[in-house]
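Student: Submitted below is the structure of interest, expressed as structure tokens.
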Amino acid sequence: MRLSQAHLSAANALVQPNENNKNAKVGIVHLGFGAFHRAHQALITDTVIKEIGGNWKIVGVTWSDAGLQKELIAQDSLYSVGVGYNDQLDINIVGSIETVLMSAQTEQVLSYMCDPEVKIVSLTVTEKGYCHNPATGDLDLSHPLIQHDLENIDTPKSAIGFLVSAMRCRYLKGIQPFTPLTCDNLPENGHVLEKVVLQFAKHLDAELYQWIKEQITFPCTMVDRIVPRTTENDIARVEKVLGLEDKASVITEPFLQWVIEDKFVNERPAWEKTSIANVEVTDNVVPFEEMKLRLLNGTHSTMAYLGYLSGYETIAETIQDPNFKTFVRYLMDEEITPSLSIEGIDLDKYKDQLIERYENKGLQHRTWQIAMDGTQKIPQRFLQTICYSLNNGISIKGLCLALAGWIRYVSGVNEQGQEIDVQDPLKQQLAQVWQQAGSDLEKALDGFLSLRSVFEQDLATNQTFRVELQAALETLFANGAKASVASFVAQRK
Ligand code: NAI
Ligand code: CS2
């Protein structure tokens, strides 16, 4: 039997939809309806609807997942979140979704985004969805979708184009604007979104640009919950517990955190007032973002590249290697923590918890998945910390080994000479650097450090950085990832 309204009574779930779910109207459009949104914002919003009420149903928009759209519609837009810790799996059924649209259903998407009842448009469109230069934050005006949307604002294709098109519609009709709420892993994500939206609007219409600048705020958020891409095995695991087949389920971890800047231009759900802990509204998110993007995502990407090259399929497998566990904790304590501005948090406890989260065998979080889109991730996960360390006399040797892991990974060939399926918006440019360098590591380094969308000029020309990165790259190519991590740890025992 499939999960559906009619079969809910047969479901074995901790939490089920209630009357509030049935009566609530749409109040949110979410761009980037993926695994993370389903296990995090949509679930928290569902809890608001169930426990407090309010018209906060969500219309999800996906750019790529027609299969997910089909499955959800077949399930009356119901899906389950499996919270897994090692062998334990608890199921929550989420009833906050009204429907799911493809971004290609442009008219329907814009109709919802222009509806005065829609108060929030949130995003998890991945770092590359912002069509920005990760090193500078500027909108990439040469991006083909941005070029299309500037000429065809009524039929946008990019997330930024959809936002500005809908803002323009509300501006022309005198409708109160929605709050754009980014929930992507970007430093000062609200400011990143504001910058690219304003730069887009400026190239479109000066008056619209002025209206957005004066009337719309872009809150920052820190978002955290590890949500691996769903596998067939996950679907089977959920069905075994739920008692119903759910082809739109996600499996995640018990931990969840959401820190939201209190800067909305319209109503919002009382996310911080439900029974779900670790959701807070504050006026300064930056210290929380730094802590999470550098301690969690920085070590996640370290394990993604060096773990993958060491032959480890998942994070749980990688952290089981005692040398990796020691290396990850060294990075956290010695190279990342000094750069953090957060106060009032027990960082040792936070880091202990991170290691436990990585060890969770209930999650099959692939190193390959985390390794994707590195050009969009390493600036905030590695380079900002390295810049701080260079200015403050702190070692960068460990993060340079991690960065060397990324450089080796994007060569597209692993240590056994097999092909790596590199996924990155700059895949061609990365391959070209390696093609031109051949086996000349110095030449390869020159090529990578000249990528201005990744490495800012000052960092790329910093001699200390160059020397350390070259040494790490030479070690990595000479000894391999697993042995390089082992000797790094041995030298510090
Ligand atoms: P996903 O692959 O399940 O979903 C990504 C969504 O974004 C899909 O709907 C896809 O169609 C859309 N998308 C992809 N490229 C796009 C583009 N260029 N323009 C517009 N839409 C695009 O990924 P998932 O797991 O939902 O993660 C999405 C983002 O959420 C991450 O990139 C990250 O920023 C954030 N996040 C993810 C966490 C996780 O553990 N999965 C945890 C914390 C944050
Ligand atoms: C991961 C993140 O895929 C990746 O880049 O590092 O999605 C990570 O799972 C989340 O940020 C955890 O909150």
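Student: Please find, within the stretch 307-324, the residue that is farthest from Ser484 (Cα to Cα) out of those that are crowded, with 17+ Cβ neighbours inside 10 Å and away from ligand 2 (no atom under 14 Å from the Cβ).
Tutor: As a first pass, look at the stretch 307-324 and keep what is crowded, with 17+ Cβ neighbours inside 10 Å: 307-310, 312, 314-319, 321, 323-324.
Filter again for away from ligand 2 (no atom under 14 Å from the Cβ), leaving 309-310, 312, 317, 321, 323-324.
Values: Leu309: 11, Ser310: 10, Tyr312: 15, Glu317: 18, Asp321: 13, Asn323: 10, Phe324: 10 Å.
Among residues in the stretch 307-324 that are crowded, with 17+ Cβ neighbours inside 10 Å and away from ligand 2 (no atom under 14 Å from the Cβ), the one farthest from Ser484 (Cα to Cα) is Glu317.
Student: Tell me, which residue of the stretch 111-142 that is charged (D, E, K, R) and either without any contact (Cβ under 8 Å) to a residue 12 or more places away in the chain or more than 16 Å from ligand 2 (Cβ to nearest atom) (or both) is farthest from Val100 (Cα to Cα)? Let's see the steps before the verdict.
Tutor: Taking the stretch 111-142 and keeping what is charged (D, E, K, R), we get 115, 117, 119, 127-128, 138, 140.
Pick out the ones that are also either without any contact (Cβ under 8 Å) to a residue 12 or more places away in the chain or more than 16 Å from ligand 2 (Cβ to nearest atom) (or both) and you get 115, 117, 119, 138, 140.
Details: Asp115: 16, Glu117: 17, Lys119: 18, Asp138: 30, Asp140: 28 Å.
Here the residue is Asp138.
Student: Restricting to helices (runs of 4 or more DSSP H) lying wholly in the stretch 1-65: which have 2 or more residues that are buried (at least 22 other Cβ atoms within 10 Å of the Cβ), in contact with a strand residue (DSSP E or B) (Cβ under 9 Å, 6 or more places away or on another chain) and at pLDDT 95 or above? Steps first, please.
Tutor: Details: elements: 19-23, 35-39, 41-51.
Of the helices (runs of 4 or more DSSP H) lying wholly inside the stretch 1-65, those with at least 2 residues that are buried (at least 22 other Cβ atoms within 10 Å of the Cβ), in contact with a strand residue (DSSP E or B) (Cβ under 9 Å, 6 or more places away or on another chain) and at pLDDT 95 or above span 35-39, 41-51.
Student: Take the residues of the stretch 186-208 that are within 16 Å of ligand 1 (Cβ to nearest atom) and part of a loop (DSSP other than H, G, I, E, B): which is most open to solvent (accessible area, probe 1.4 Å)? Spell out the reasoning first.
Tutor: Taking the stretch 186-208 first, the residues within 16 Å of ligand 1 (Cβ to nearest atom) are 186-193, 196-197, 200.
Imposing the further condition that a residue be part of a loop (DSSP other than H, G, I, E, B) reduces the set to 186-188.
Details: Leu186: 5, Pro187: 34, Glu188: 75 Å².
Among residues in the stretch 186-208 that are within 16 Å of ligand 1 (Cβ to nearest atom) and part of a loop (DSSP other than H, G, I, E, B), the one most open to solvent (accessible area, probe 1.4 Å) is Glu188.
Student: I'd like to verify a number: residues in the stretch 342-379 that are more than 30 Å from Ala431 (Cβ to Cβ), basic (Lys, Arg) and either within 16 Å of ligand 1 (Cβ to nearest atom) or open to solvent by 10 Å² or more (accessible area, probe 1.4 Å) (or both), how many? Walk me through how you get there before you give the answer.
Tutor: Taking the stretch 342-379 as the starting set, the residues that turn out to be more than 30 Å from Ala431 (Cβ to Cβ) are 342-363.
When the remaining residues are screened for being basic (Lys, Arg), the result is 349, 351, 357, 361.
Subset that is either within 16 Å of ligand 1 (Cβ to nearest atom) or open to solvent by 10 Å² or more (accessible area, probe 1.4 Å) (or both): 349, 357, 361.
Here the count works out to 3.
Student: Exactly one of these conditions fails for Gly243: (1) open to solvent by less than 10 Å² (accessible area, probe 1.4 Å); (2) away from ligand 1 (no atom under 13 Å from the Cβ). Give me its number.
Tutor: So the condition that Gly243 fails would be (1).
Student: Can I ask one more? Consider only pairs whose beta carbons are under 6 Å apart and that are at least six residues apart or on different chains; among these, list those whose first residue lies in the stretch 170-185 and is assigned to a strand (DSSP E or B) and whose second residue is of a type in the set (Val, Ile, Thr) and away from ligand 1 (no atom under 16 Å from the Cβ).
Tutor: Listed pairs, sorted by first residue: Thr179/Ile120; Thr179/Val265; Leu181/Ile120.
Student: Looking at the structure I just gave you, is Val121 more than 13 Å from Asn21 (Cα to Cα) and either at pLDDT below 95 or open to solvent by less than 10 Å² (accessible area, probe 1.4 Å) (or both)?
Tutor: yes
Student: Can you say whether Gln108 is in contact with a strand residue (DSSP E or B) (Cβ under 9 Å, 6 or more places away or on another chain), open to solvent by 60 Å² or more (accessible area, probe 1.4 Å) and among the polar types (S, T, N, Q), as far as the supplied structure shows? Give the derivation first.
Tutor: Working: in contact with a strand residue (DSSP E or B) (Cβ under 9 Å, 6 or more places away or on another chain): yes; open to solvent by 60 Å² or more (accessible area, probe 1.4 Å): yes; among the polar types (S, T, N, Q): yes.
Answer is yes for this residue.
Student: Report yes if Glu272 is free of Cβ contacts under 8 Å to residues at least 24 places away in the same chain and within 16 Å of ligand 1 (Cβ to nearest atom), otherwise no.
Tutor: On the way: free of Cβ contacts under 8 Å to residues at least 24 places away in the same chain: yes; within 16 Å of ligand 1 (Cβ to nearest atom): no.
For Glu272, the condition - free of Cβ contacts under 8 Å to residues at least 24 places away in the same chain and within 16 Å of ligand 1 (Cβ to nearest atom) - is not met.
Student: Let me ask another. Pick out, from the stretch 448-493, the helices (runs of 4 or more DSSP H) lying fully within it that include 2 or more residues that are within 22 Å of Gln432 (Cβ to Cβ) and open to solvent by 30 Å² or more (accessible area, probe 1.4 Å). Let's see the steps before the verdict.
Tutor: Values: elements: 457-460, 463-479, 481-490.
Answer list for the stretch 448-493: 463-479.
Student: Also, I was wondering about something else. Which condition does Asp90 not pass, out of (1) more than 27 Å from Gln353 (Cα to Cα); (2) away from ligand 2 (no atom under 16 Å from the Cβ); (3) open to solvent by 30 Å² or more (accessible area, probe 1.4 Å), if it passes all the others?
Tutor: (1)
Student: Quick one: would you say Thr106 is modelled with pLDDT of 95 or more and within 16 Å of ligand 2 (Cβ to nearest atom)? Talk me through it step by step, then tell me what you get.
Tutor: Working: modelled with pLDDT of 95 or more: yes; within 16 Å of ligand 2 (Cβ to nearest atom): no.
No, not satisfied.
Student: Condition check: under 18 Å from the mean Cα position of the chain (by Cα) and away from ligand 2 (no atom under 16 Å from the Cβ). Does Leu31 satisfy that? Steps first, please.
Tutor: Details: under 18 Å from the mean Cα position of the chain (by Cα): yes; away from ligand 2 (no atom under 16 Å from the Cβ): yes.
In short, yes.
Student: Going residue by residue through the stretch 392-400, is there one that turns out to be within 16 Å of ligand 2 (Cβ to nearest atom), in contact with a helix residue (DSSP H, G or I) (Cβ under 9 Å, 6 or more places away or on another chain) and assigned to a helix (DSSP H, G or I)? Let's see the steps before the verdict.
Tutor: Here is the first cut: in the stretch 392-400, the ones within 16 Å of ligand 2 (Cβ to nearest atom) are 399.
Narrowing further to those that are in contact with a helix residue (DSSP H, G or I) (Cβ under 9 Å, 6 or more places away or on another chain): 399.
Now drop any that are not assigned to a helix (DSSP H, G or I), which leaves 399.
Within the stretch 392-400, one or more residues are within 16 Å of ligand 2 (Cβ to nearest atom), in contact with a helix residue (DSSP H, G or I) (Cβ under 9 Å, 6 or more places away or on another chain) and assigned to a helix (DSSP H, G or I).
Student: Only one residue in Ile212, Ile160, Ile235 is within 14 Å of ligand 1 (Cβ to nearest atom) and either surrounded by 20 or more Cβ atoms within 10 Å (Cβ to Cβ) or in a helix (DSSP H, G or I) (or both). Which one?
Tutor: Ile160
Student: Only one of (1) more than 21 Å from Lys397 (Cβ to Cβ); (2) in contact with a helix residue (DSSP H, G or I) (Cβ under 7 Å, 6 or more places away or on another chain) is not met by Leu306, so which one is it?
Tutor: Going through the list (1) more than 21 Å from Lys397 (Cβ to Cβ); (2) in contact with a helix residue (DSSP H, G or I) (Cβ under 7 Å, 6 or more places away or on another chain), Leu306 breaks only (1).
Student: Give the number of residues within the stretch 119-136 that are assigned to a loop (DSSP other than H, G, I, E, B) and away from ligand 1 (no atom under 13 Å from the Cβ).
Tutor: First pass over the stretch 119-136, keeping only residues assigned to a loop (DSSP other than H, G, I, E, B): 119, 124-126, 131, 133-136.
Retained after the next criterion (residues that are away from ligand 1 (no atom under 13 Å from the Cβ)): 119, 133, 135-136.
Of the residues in the stretch 119-136, 4 are assigned to a loop (DSSP other than H, G, I, E, B) and away from ligand 1 (no atom under 13 Å from the Cβ).
Student: Continuing with the same structure: Kindly indicate whether any position in the stretch 409-424 is within 27 Å of the chain's Cα centre (by Cα) and assigned to a helix (DSSP H, G or I). Don't jump to the end; show me each part of the working.
Tutor: So in the stretch 409-424, the residues within 27 Å of the chain's Cα centre (by Cα) come out as 409-414, 419-424.
Imposing the further condition that a residue be assigned to a helix (DSSP H, G or I) reduces the set to 409.
Yes, that holds for at least one residue.
Student: Just checking, which of Gly298, Gly311 is outside the structural domain of Asn86 (by TED's automatic domain parsing) and at positive phi?
Tutor: On the way: Gly298 fails: at positive phi.
Among Gly298, Gly311, only Gly311 is outside the structural domain of Asn86 (by TED's automatic domain parsing) and at positive phi.
Student: May I pose another question? Considering only the stretch 246-265, how many residues are open to solvent by 20 Å² or more (accessible area, probe 1.4 Å) and not aliphatic (A, V, I, L, M)? Break it down into steps so the answer makes sense when it comes.
Tutor: As a first pass, look at the stretch 246-265 and keep what is open to solvent by 20 Å² or more (accessible area, probe 1.4 Å): 247, 254-255, 261-265.
Next, from what is left, pick out any that are not aliphatic (A, V, I, L, M): 247, 254-255, 261-264.
Adding up the residues that qualify gives 7.
Student: Something else now. Inside the stretch 21-44, can you point out the residues that are more than 10 Å from ligand 1 (Cβ to nearest atom) and closer than 25 Å to Gln369 by Cβ?
Tutor: The first filter runs over the stretch 21-44 and keeps only residues more than 10 Å from ligand 1 (Cβ to nearest atom), leaving 21-29, 42-44.
Scanning the stretch 21-44 gives Ala42, Leu43, Ile44.
The values are calculated or read from the model by the stated rules, or taken from the named source; none is laboratory data. It should be emphasised that the depicted structure is a prediction, and the values quoted were computed from it without experimental measurement. Reconstructed Cβ throughout: ideal geometry from the backbone, glycine too, with neighbour counts over all protein chains shown. For accessibility, only protein heavy atoms count, side chains too; no ligands or nucleic acids. Shrake-Rupley method; radii C 1.70, N 1.55, O 1.52, S 1.80 Å.
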